[in-house]
Amino acid sequence: MNDLLKLSLIEVKNAIAEKRVSETDWTKAARDRNNKASEHNVLLTVHREGALADAAAADDEHRRGASAGG
């Protein structure tokens, strides 16, 4: 999953549109990276549950046929 974080945002958008990755997977990868940064005294404000809920909602929209990045 960390490979996702090596992609540009355009590559992520395309991967989501092509259903090679879900928004939930992308959000979880970013969250996991953020957790590691927190271990090194980096201050970030992240609304983890809200981010996952938003990602799940976007995944549902994509399954219904809405385009990624819209």
Q) Can you name every residue in the range 43-68 that is open to solvent by 70 Å² or more (accessible area, probe 1.4 Å) and either out of contact with any Lys or Arg (no Cβ under 9 Å at 6 or more places or on another chain) or at pLDDT 85 or above (or both)? A) Leu43, Leu44, Thr45, His47, Glu49, Asp54, Glu61, Arg63, Arg64, Ser67
Q.
Based on this model, can you work out whether Ala30 counts as surrounded by 10 or more Cβ atoms within 10 Å (Cβ to Cβ), modelled with pLDDT under 85 and in a loop (DSSP other than H, G, I, E, B)?
A. no
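The values are calculated or read from the model by the stated rules, or taken from the named source; none is laboratory data. Note that this is a predicted model, so its numbers are computed, not measured. We place every Cβ from the backbone using ideal geometry, glycine too, and count neighbours over all the protein chains shown. Quick note on the areas: whole protein, heavy atoms, side chains included, nothing else; ligands and nucleic acids left out. Shrake-Rupley method; radii C 1.70, N 1.55, O 1.52, S 1.80 Å.
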